[in-house]
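One structure is given below, encoded as structure tokens.
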Amino acid sequence: MTQLALVIDLNVCVGCQACVTSCKEWNTAGSAGPMVDQNPYGADPTGTFFNRVQTFEVGEFPNTETVHFPKSCLHCEDPPCVPVCPTGASYKRKEDGIVLVDYDKCIGCKYCSWACPYGARELDEQQQVMKKCTLCVDRIYDTSMTEDDRKPSCVKACPTSARLFGDIHDPQSAVSIAIRESGGYPLMPEWGTHPANHYLPRRKTRIKIHEDELERADNPLKVDRQLPRPAMNEPTLDDVTTW
Amino acid sequence: MHPAFSVILLTTLIGAAQGLFLALFTAQSYAAFKLLPQPDAHAFYGQGSLLALVLLVAGLGASFFHLGHPERAWRSAAMWRTSWLSREVIVLPAFMGVVFLYGLAHWLNWHPVLTTLPGELPVDPTAILGVAGTLFAFALFICTAMIYACLKFLSEWHSPLTVINYILLGGASGFTLAAAFASVTAPELVSFLAGWAAIITLLGWIGRSASLYRNARLKPKSSLQTAIGIKHPRIVQKTQGFMGGSFNTREFFHGQPVAVLRAVKWFFVLAVFPLPLLLLLSGMQGRTGLLVAAFAVQYAGLLAERWFFFAQANHPQNLYYQSIA
């Protein structure tokens with residue numbers, strides 16, 4: 001079973017909003033569109049977005065970190081928004097695990113948005129149907145694009161490669177390796193929704209050099225201890241001291 | 001949550017209609033067992049069913065204003081296997097149909113004896129329709145309440161008390177309405193119906209107080225820490241990603257100061273329970289004015305109760321929308 005998902009690296013996201021604008025640009029023109037804005041140049045603009053980048057401050061001044069947090073539909077493996085839909089307009093695709101809305105069936109009752117703890121769904125004010133991230137389903141299977149372009153628009157746009165895309169059920173995929181090796185975690189695990197999208201935490205980059213790494217302890221030419229061990233300030237190259 | 005007036009009207013109107021139907025059939029059952037005098041069937045049951053039907057149609061009409069695409073509403077019967085909303089969409093018209101047939105049978109005085117129960121009790125079509133209607137009325141209460149109670153993220157709603165209170169509050173307003181209606185059409189039933197209305201109102205008072213008590217002590221399961229997955233005691237949102245509003249900031253916030261919330265709570269606690277109780281008890285002898293006032297006060301209180309029911313529910317998605325910059 002395939003489960004496509006995004007893995008978002010909070011360690012490298014700089015909050016530039018490029019994923020927000022590229023998402024809106026692609027999807028307003030794609031099969032999910034239009035994503036119309038109301039009052040775009042007025043005092044109180046509003047509109048439909050599939051993806052937002054929020055900013056949080058963690059810690060107390062002066063020891064604070066600014067965390068930019070991209071937020072979109074997490075394509076839960078057990079999506080609570082799907083069973084509550086009275087028309088069957090919300091569904092999860094068996095073949096790749098993407099949660100989608102059929103805009104021709106949606107009656108705009110907003111019940112699915114109540115059932116999503118993440119607030120991932122938005123009612124489009126103009127079309128009056130529920131909209132959400134499609135993982136660019138109209139892009140990732142488009143064979144007229146080059147292989148490299150068949151990725152969600154936000155992934156392509158990210159300048160710091162903070163967004164990875166792939167199948168989290170394939171243990172060898174880049175996203176699975178990232179989750180496994182960089183401590184990837186889901187949001188609000190307490191609700192048992194099993195979000196497919198994962199986030200990679202902030203990491204401090206440190207290099208710890210142990211003493212035995214400065215002096216080669218396991219030098220096979222030295223193991224017989226026939227010659228005296230060289231002092232620390234003497235050259236330690238194997239060919240100089242024990243040849 | 002943002003209280004939508006369409007849903008407030010839907011749930012209160014159909015709740016009163018279900019209660020009214022239950023009151024009509026309760027009276028008919030008591031009368032069948034000769035525990036109550038037989039009222040004028042045409043006027044009391046027939047017109048009473050019509051009144052219930054009017055409330056049901058009004059509630060159904062109000063619900064359409066909640067939909068973005070009302071013309072596609074027929075599709076919402078599709079997912080009855082998983083969705084309580086879909087089940088409500090099926091049970092509501094079914095209940096309306098049974099209420100219509102029940103009222104029609106009484107209206108036309110159609111009482112052929114189909115069979116007799118032990119003790120020479122005749123069973124006519126209205127008895128069978130009445131039993132069916134009772135089952136549908138309770139099924140509809142459960143469907144309506146479960147729409148809210150099944151959402152585990154909204155812990156204020158995710159409780160058996162939600163279902164109990166929908167049944168009790170709908171029942172109370174329906175029986176109160178039945179008492180007021182009987183004071184015009186069947187005066188001999190008024191004290192019986194007003195008595196039951198008072199008992200159900202009292203039970204509703206207990207049930208709703210229990211849920212207010214429970215909700216005041218809820219500890220949210222989600223926090224900003226679990227919402228963004230950062231384990232630090234001090235996290236402050238600096239921006240939610242946009243400066244104008246969005247669906248997320250409109251649909252999930254009631255937008256009223258705490259004082260309004262508190263005032264609405266006290267209004268409904270007074271208007272749904274003690275005031276109608278006083279009016280019911282003083283109008284028990286068949287004083288129409290007092291009984292109509294009891295229903296009007298209780299219904300106004302229920303509108304406030306339902307508003308508060310929505311406003312009090314705090315959605316976990318609100319954690320992501322705390323700051324604009």
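Quick notes
- Here the Karplus relation 6.51 cos²θ - 1.76 cosθ + 1.60, evaluated at θ = phi - 60°, turns the backbone of the range A:6-14 into coupling constants of 9, 10, 10, 8, 5, 6, 10, 5, 9 Hz, with x for every Gly and Pro.
- Loop-located trypsin sites (Lys or Arg not before Pro) in the range B:35-117 (DSSP state not H, G, I, E or B) with no more than 14 neighbouring Cβ atoms inside 10 Å: B:R81.
- Heavy-atom surface of the range B:223-304, accessible at 1.4 Å and reported per residue (Å²): 47 Å²
- Solvent exposure of the range B:1-55 as accessible area per residue, Å², 1.4 Å probe: 34 Å²
- Counting only alpha carbon atoms, the long axis of helix A:18-29 and the longest principal axis of chain A meet at about 40°.
- Sites A:R93 and B:I128, calculated FRET efficiency, Cβ-Cβ separation with R0 41 Å, nearest 0.05: 0.30
- In nm, spacing of pseudo-spin labels at B:S323 and A:D170 (7 Å Cα→C-beta vector): 4.0 nm
- Reach of B:K219 by Cα under 27 Å, taken over lysines that are not fewer than 8 positions away in the same chain: A:K71, A:K110, B:K152, B:K231, B:K238, B:K265
- FRET efficiency for the pair B:K34 and B:S282, taken as 1/(1 + (r/R0)^6) with r the Cβ-Cβ distance and R0 = 25 Å, rounds to 0.30.
- Buried solvent-accessible surface, both chains (B, A), 1.4 Å probe, Å² to nearest 100: 4700 Å²
- Reduction of at least 30 Å² in accessible surface, 1.4 Å probe, comparing all protein chains with the chain by itself, residues of the range B:58-83: B:H66, B:L67, B:G68, B:H69, B:R72, B:R75, B:S76, B:M79, B:T82, B:S83
- Given a 1.4 Å probe and the protein chains as shown, A:Y185 ends up with an accessible area of around 30 Å².
- Percent accessible area from carbon and sulfur atoms, the range B:272-324, protein chains only, probe 1.4 Å: 67 percent
- Here the simple spin-label model places points 7 Å from the Cα toward Cβ, and for A:D212 and B:F64 these points are separated by 8.0 nm.
- In this rough spin-label picture, where each label sits 7 Å from Cα along the Cβ direction, the A:S161-B:V54 distance is 7.2 nm.
- With R₀ fixed at 25 Å, the C-beta to C-beta distance from B:A43 to B:T115 puts the FRET efficiency at about 0.40.
- Degrees separating the helix B:47-64 axis from the principal Cα axis of chain B, which is the longest one: 20 degrees
- 3J(HN,Hα) couplings calculated from phi for the range A:136-144 with the Karplus curve 6.51 cos²θ - 1.76 cosθ + 1.60 (θ = phi - 60°) are, in sequence order, 6, 4, 8, 10, 6, 10, 6, 6, 6 Hz; Gly and Pro show x.
- The C-alpha atoms of chain B define a longest principal axis, and helix B:160-185 lies at about 40 degrees to it.
- For chain A, built as a Gaussian network whose Cα springs stay under 10 Å, the top-fluctuating residue of A:L214, A:L187, A:L74: A:L214
- Rolling a 1.4 angstrom probe over the range A:1-78 with all protein chains present gives an accessible area of which 55% lies on carbon and sulfur atoms.
- Largest to smallest accessible area among A:K24, B:K265 [probe 1.4 Å]: B:K265, A:K24
The values are calculated or read from the model by the stated rules, or taken from the named source; none is laboratory data. The structure presented is a predicted model; accordingly, all values stated were derived computationally and were not measured. Glycine also receives a Cβ, built like all others from the backbone with ideal geometry; neighbour counts cover every protein chain displayed. SASA here: full protein model, heavy atoms, side chains in, ligands and nucleic acids out. Shrake-Rupley method; radii C 1.70, N 1.55, O 1.52, S 1.80 Å.
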